[in-house]
Amino acid sequence: MSLRVKLTLALLITSLSGVLIVAVLVQRGTINEFDSFVMEQERANFIADMAAYYEAFGSWEGMRMARGRLPVQPNGEPPVQFSPEDHGPIAKFTLVDQDGKVLTPNKDVAPNEVIPAAELKKAAPIVVEGETVGYVLTNDEFPQRDALEEAYLDRINRMLIMATVSVLVLGLLLSLFFARSLSRPLREIAQAIRSLSHGQLDQKVPVRSRDEVGQVAAAFNQMSADLVKANQLRRQMTADIAHELRTPLSVLVGYLESLCEGLLKPNPARFKIMHDEARHLQHLVEDLRTLSLADAGELQLNAQWIAAEELIRLTAAAFSHQAEQQGIRLAVEAEPNLPLLHADPDRIIQVLSNLVSNALRYTPQAGCITLAARLDGDVVLSVQDTGAGIEADHLSHIFERFYRVDTSRQQSENESGLGLAIAKSYVELHGGTISADSQVGVGTTISIRLPVSRLEKDAA
Ligand code: ATP
Ligand code: MG
C-alpha cells in the first residue's frame, strides 16, 4: 500500500469517526433537550392553569369532586374531558394538594392516594399568594410528541445527515490533497536517489515547501551538488597526478633505454639528471601522501610551546646560503615580546620554507625577502618578497592543488604546485589561516595567522 493511500485512509478514518461521534451525540442531545424543553413548557402551563384555578375557586374542592375530570375552567370554558389513556397535559402530570393527596388520578396513581413527602420534594410547587397550595408531579412516561414536533426532529436529523456527508466529502478531498502533497516530493526524492545510485550524480529535485520534507529535498540537492564537485575534484586530481608523473618518468625511461641500447654513454652528468628526476618523483609522492593524510584528517601535529621569532630565524638560516648566492637580501623582523605559539615547529618551518623557496624563485637579484612576525590579535608570520608578483586572476587559485601560474616554467624546475596546498593544510591543522597579497611588479606577501591562547594573550 502506497504512502498516499495510507495517509488518505488514515485521514479519512479519523474524520469519519469524528463526524459520526459528533453526529450521534448531537442527535441524541437534540432529542433529549427538545423533549425536556417541551415537557418544561407544558408543565409551566399546567402549573399556571392550576394556580389560576385555585385562585378563582379558593380551594381544590371542585377538582377533588371531578376525580380525574377537570371541572369548569377558570376562564369559564367547558370542562376538559380526560381519561388515563388521554395524552393531554393531565396524563403527563399529576396534581396533588398541599398534603400530598392525589387530585387528578391516572393509571399510575389512584384518587386520594397520598404521595410520600420524599417524593413531594421533587415535585413542582403551586404557589398562590405566597402559600404552597399543591404540587405537580411529572410522570416518568416517555412523552409523546405530536406530528409537528416529530417533523421538527426529522428536519434536525436530515440536516445532521447532510452535514455528515458533506464533511466526509470535504474530508476525502482534503486528505487526497494532503496525501498527494506529502507523497509527491518523497517519490521525487526516491526517484532521484535511484538515479544517483546508477551513477547520475547531478540530481536536482524541486523544493516545494519549507517543512521537513522541503528540508530533506534541499539537503538532497546540496548533497548531490557536493557529490558532483567531489567527483570532479577526484577526476581532476587523478589527471593532474598522471600528468605530473609522466614527465620525470619519460625522461628516466628515455635515458635508461638509450643507456641500455648503448646509444648514450653513462657519465656522472646523465646519472645526475636521472637522479634529479627520481628525486622529483619521490618528492611528489611524499607531497601526495601528506595531502591524502590531510584529507583523511590523519595528519599528526607534534605541538609544543615555541617563540614565533625562533621559527622565522631557523627558516631564514636554512636559506641564507642560497639567498646569498642569488644576491638576495634575507631579512628577519620580529616584534619584541610576542606570545609563545603552541605549534609543531617542524611543520611551521616546512610551510615557511616553501614560502621562502617560492619567493627566491620569483625574486630577481638585489631583491629582498623579509620574514616577519607580529601581533595582530593572532600571531602573524609573513614572507614578503620584492619579486614578480602574481596577477589577481591567479592569486585566488594559488592554494589549489597542482596550480601553477606559469606551467611551462615550473615544469622544468621540478615544481609540482602542491607546496601552497600543503601549507594551507598544515596551517589549518593549527587552527590558523593563510592568505596571499600581491602586486605585479612590486612583490608578494604570504601571511600565516596562528591563534594565540587566551592565557598567552594575557601574559603578552
Ligand atoms: P612546489 O612548491 O610543490 O614545489 P610550486 O612552488 O610551483 O611547487 P606552490 O608553492 O604551491 O607550488 O605555488 C603555486 C604557484 O604560485 C607557483 O607555481 C607560482 O606560480 C605561484 N607563486 C607562489 N609564490 C609566489 C611568489 N612569491 N611570487 C610569485 N608567484 C608565486
Ligand atoms: Mg613552492
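Consider segment 371-394 and keep the residues that are more than 12 Å from ligand 1 (Cβ to nearest atom) and among the β-branched types (Val, Ile, Thr). The one that is nearest to Ile422 (Cα to Cα) is Val380. In segment 341-355, the count of residues that are in contact with a strand residue (DSSP E or B) (Cβ under 8 Å, 6 or more places away or on another chain) and of a type in the set (Asp, Glu) is one or more. Of the set (1) surrounded by 12 or more Cβ atoms within 10 Å (Cβ to Cβ); (2) within 30 Å of Arg180 (Cβ to Cβ), all apply to Arg210 but (1). Checked against the criterion of being within 14 Å of ligand 2 (Cβ to nearest atom) and without any contact (Cβ under 8 Å) to a residue 60 or more places away in the chain, segment 418-426 has at least one qualifying residue. Just to be sure I understand, how many residues within segment 288-313 are exposed (fewer than 14 other Cβ atoms within 10 Å of the Cβ) and closer than 18 Å to Asp385 by Cβ? Adding up the residues that qualify gives 0.
For (1) more than 8 Å from ligand 1 (Cβ to nearest atom); (2) more than 30 Å from His342 (Cα to Cα); (3) at pLDDT 95 or above; (4) not acidic (Asp, Glu), each residue gets a yes or a no:
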site: His397; (1), (2), (3), (4): yes, no, no, yes
site: Arg401; (1), (2), (3), (4): yes, no, no, yes
site: Gly431; (1), (2), (3), (4): yes, no, no, yes
site: Asp437; (1), (2), (3), (4): yes, no, yes, no
site: Gly441; (1), (2), (3), (4): yes, yes, no, yes
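The C-beta contact set for segment 343-362 (first residue over 18 Å from Leu395 (Cβ atoms) and of a type in the set (Lys, Arg), second residue outside any loop (DSSP other than H, G, I, E, B) and more than 10 Å from ligand 2 (Cβ to nearest atom), distance under 8 angstrom, 6+ apart or interchain) comprises Arg347/Tyr426; Arg347/Leu429. Filtered by the rule that a residue be within 19 Å of Asn45 (Cα to Cα) and surrounded by 13 or more Cβ atoms within 10 Å (Cβ to Cβ), segment 107-127 gives Ala123, Ala124, Pro125, Ile126, Val127. Evaluating Gly171 against the criteria (1) free of Cβ contacts under 8 Å to residues at least 60 places away in the same chain; (2) surrounded by 15 or more Cβ atoms within 10 Å (Cβ to Cβ); (3) touching a helix residue (DSSP H, G or I) at 6+ places or on another chain (Cβ under 6 Å) leaves one unmet condition, (1). The condition (being surrounded by fewer than 13 Cβ atoms within 10 Å (Cβ to Cβ), modelled with pLDDT of 95 or more and in a helix (DSSP H, G or I)) is satisfied by just one residue among Ala230, Ala219, Ala316, Ala225: Ala219. Examine segment 334-350 for a residue that is surrounded by fewer than 19 Cβ atoms within 10 Å (Cβ to Cβ), more than 16 Å from ligand 2 (Cβ to nearest atom), of a type outside the set (Ser, Thr, Tyr) and within 42 Å of the chain's Cα centre (by Cα), and state whether such a residue exists. So far as segment 334-350 goes, yes, one or more of its residues are surrounded by fewer than 19 Cβ atoms within 10 Å (Cβ to Cβ), more than 16 Å from ligand 2 (Cβ to nearest atom), of a type outside the set (Ser, Thr, Tyr) and within 42 Å of the chain's Cα centre (by Cα).
With respect to the conditions (1) of a type in the set (D, E, K, R); (2) farther than 30 Å from Leu233 by Cα; (3) surrounded by fewer than 17 Cβ atoms within 10 Å (Cβ to Cβ), Asp385 falls short on a single one, namely (3).
Looking across segment 243-302, the residues that are without any contact (Cβ under 8 Å) to a residue 24 or more places away in the chain, assigned to a loop (DSSP other than H, G, I, E, B) and not basic (Lys, Arg) come down to Glu261, Gly262, Leu263, Leu264, Pro266, Asn267, Ala296, Gly297, Glu298, Gln300. Name every residue in segment 321-340 that is farther than 22 Å from Val379 by Cβ and either more than 16 Å from ligand 1 (Cβ to nearest atom) or touching a strand residue (DSSP E or B) at 6+ places or on another chain (Cβ under 8 Å) (or both), in order of residue number. His321, Ala323, Glu324, Gln325, Gly327, Ile328, Arg329 - these are the residues of segment 321-340 that are farther than 22 Å from Val379 by Cβ and either more than 16 Å from ligand 1 (Cβ to nearest atom) or touching a strand residue (DSSP E or B) at 6+ places or on another chain (Cβ under 8 Å) (or both). Total residues in segment 170-218 satisfying the condition of being closer than 27 Å to Leu16 by Cβ and among the basic types (Lys, Arg): the figure is 3.
The values are calculated or read from the model by the stated rules, or taken from the named source; none is laboratory data. These numbers come from a predicted model, not from an experiment. FYI the Cβ positions are ideal-geometry reconstructions off the backbone, even for glycines, and counts take in every protein chain you see.
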